[in-house]
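As structure tokens, the structure follows; a few thoughts come after it.
The values are calculated or read from the model by the stated rules, or taken from the named source; none is laboratory data. Keep in mind the model is a prediction, meaning the values are calculated, not measured. All Cβ positions, even for glycine, are placed from backbone atoms using ideal geometry, and neighbour counts span all protein chains on display. To get the accessible areas, we keep the full protein, side chains included, count just its heavy atoms, and leave off ligands, DNA and RNA. Shrake-Rupley method; radii C 1.70, N 1.55, O 1.52, S 1.80 Å.
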Amino acid sequence: MTTQLWRILLAAGVGLGAVIRLVLLPAPDFSTDIDLFVTWVNGIATDGLANAYDQRLSFPPVMTYIWALLAAIEPGFRTATDSSDPTIRVLMKLPPTIADFGLAALVGYALRARPHWAIAGALVILLHPAIFDVSAWWGQYESIYVLFALAAAILAIGGRNSWAAVFIALSLMTKPQALPMVVPFAAWFWATGGPRGLARAAAIGAAVVLVLWLPFIAAGGPASYLSNLAYYQGERYAALSVWAWNIWWLVQEAAAGGNFVPDDLRVAGPLTFRHLGYAVTAALEILIARAVLRDPRPRTLILALVASVLVAFSFLTAMHERYSYAAVVFLLLLLPERRARWLSLALGVVVILNLLTAVPPTREIHAVLRSTRLVGVVGSIAFLIITGIAYVAVRRRPGPAATT
């Protein structure tokens, strides 16, 4: 196609992506999560930003600032206790929806050396069901922390490690699910800057974290946040898998017919399933970091980020179905590679099916996807295979003709 046709295609894709989101924004949410988020915004609006963590917030400060901004914009949050008001619902979903367009812009920018692939990557972000379902329909905030992490990767690849440290810290302070991505970045900072480079990046990241937490320290916000995380991880969502198609979903299927199984059950002595998940994930993450140290090229960092996210998703307990989200985005940076395109397609299909099975949008889809437990079993095996492929790819030693 000519350049003009590609531009027309991009414009049409941006328009279609916007229309899809405009339709989904007022739609009722998939669960009670967004209602819970509204109560937190209500608490911020009535009790002030500094006391936000007197509630059971499971998000770090960046999301708290965003919610405080929403409370300042819309006075209705002072009385809203759920998302039944369409205006409240749209405002709650607006930040991740805007972040979707930021993701598209950054993917396009990262692939700018190949304009056609840059347009293709941006269009995939805008039209990917897994992207707009999570943000514009579900009202979850994955796209925001991934936006910061993607910016960090682009900055690191461009030789701006200090700014990359700022943005990966912002990502971690948006959602704790960014933690697996810290491992490849730490290895990259060491590989490209030595011990001093890693120490500098760590100091910058720590400074960003400290500044973000400053308004909450007097009211004990950091301690309350850690306590809240312990509650959600150790009590409310303490299951082998919370609808994530991973190795623990297979265990739940075999042991309890798909019903949730507590992850604090002992495997041997004091060792629980949760501890086992931590151990396996930590071991694999260390090997991923070693691969980046051995071969600090942009492609290796991207693959390491994909593999790190998928390893955490596949082997940690208490995973939710949407926690593979970041891998979908980062894999698009390798879209010009034929094998990466096939892997991206396979991952996208399995992620979409996992999301739709967890929260079927219609009775018909519910009947099809939940009519047999075989769908989840096959999906879990597919996720593990894709995780294995990504892990092997990042660990493989580069050949003389390796893509840069």
**Item:** Among the candidates 312, 279, 283, residue that is touching a Ser or Thr at 6+ places or on another chain (Cβ under 6 Å) and either of a type outside the set (Phe, Trp, Tyr) or not in a helix (DSSP H, G or I) (or both)
**Value:** 312
**Asked** Which of the residues belonging to the stretch 146-191 are surrounded by 19 or more Cβ atoms within 10 Å (Cβ to Cβ) and of a type in the set (S, T, N, Q)?
**Response** 161, 171, 174, 177
**Request:** Restricting attention to the stretch 1-50, report how many residues are assigned to a helix (DSSP H, G or I), open to solvent by less than 60 Å² (accessible area, probe 1.4 Å) and among the polar types (S, T, N, Q).
**Result:** 2
**Matching residues, the stretch 345-388, being part of a helix (DSSP H, G or I), farther than 30 Å from residue 288 by Cα and of a type in the set (S, T, N, Q)** = 357
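A quick yes/no check of all residues on (1) farther than 24 Å from residue 176 by Cα; (2) surrounded by fewer than 19 Cβ atoms within 10 Å (Cβ to Cβ); (3) at pLDDT below 95:
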{"site": "319", "(1), (2), (3)": "no, no, no"}
{"site": "323", "(1), (2), (3)": "no, no, no"}
{"site": "333", "(1), (2), (3)": "no, no, no"}
{"site": "343", "(1), (2), (3)": "yes, no, no"}
{"site": "350", "(1), (2), (3)": "no, no, no"}
{"site": "363", "(1), (2), (3)": "yes, yes, yes"}
**Request:** Please give the number of the condition residue 300 fails out of (1) surrounded by fewer than 23 Cβ atoms within 10 Å (Cβ to Cβ); (2) in a helix (DSSP H, G or I); (3) not aromatic (Phe, Trp, Tyr).
**Result:** (1)
**Prompt:** Taking the condition at pLDDT 95 or above and aromatic (Phe, Trp, Tyr), does residue 243 pass?
**Reply:** no
**Fill in**
Note: among 110, 118, 104, 201, just one is open to solvent by less than 50 Å² (accessible area, probe 1.4 Å), in contact with a Ser or Thr (Cβ under 9 Å, 6 or more places away or on another chain) and aliphatic (A, V, I, L, M), namely 201
**Prompt:** Among the numbered criteria (1) open to solvent by 10 Å² or more (accessible area, probe 1.4 Å); (2) within 22 Å of residue 121 (Cβ to Cβ); (3) not aromatic (Phe, Trp, Tyr), which single criterion is violated by residue 356?
**Reply:** (2)
**Prompt:** So which pairs qualify, if the first residue must be in the stretch 236-262 and free of Cβ contacts under 8 Å to residues at least 24 places away in the same chain, the second must be crowded, with 17+ Cβ neighbours inside 10 Å and not in a loop (DSSP other than H, G, I, E, B), the Cβ gap must be under 6 Å, and the two must be at least 6 apart or on different chains?
**Reply:** 252/241; 260/239; 261/252
**Request:** Kindly indicate whether any position in the stretch 122-134 is surrounded by fewer than 24 Cβ atoms within 10 Å (Cβ to Cβ), among the hydrophobic types (A, V, I, L, M, F, W, C) and not in a helix (DSSP H, G or I).
**Result:** no
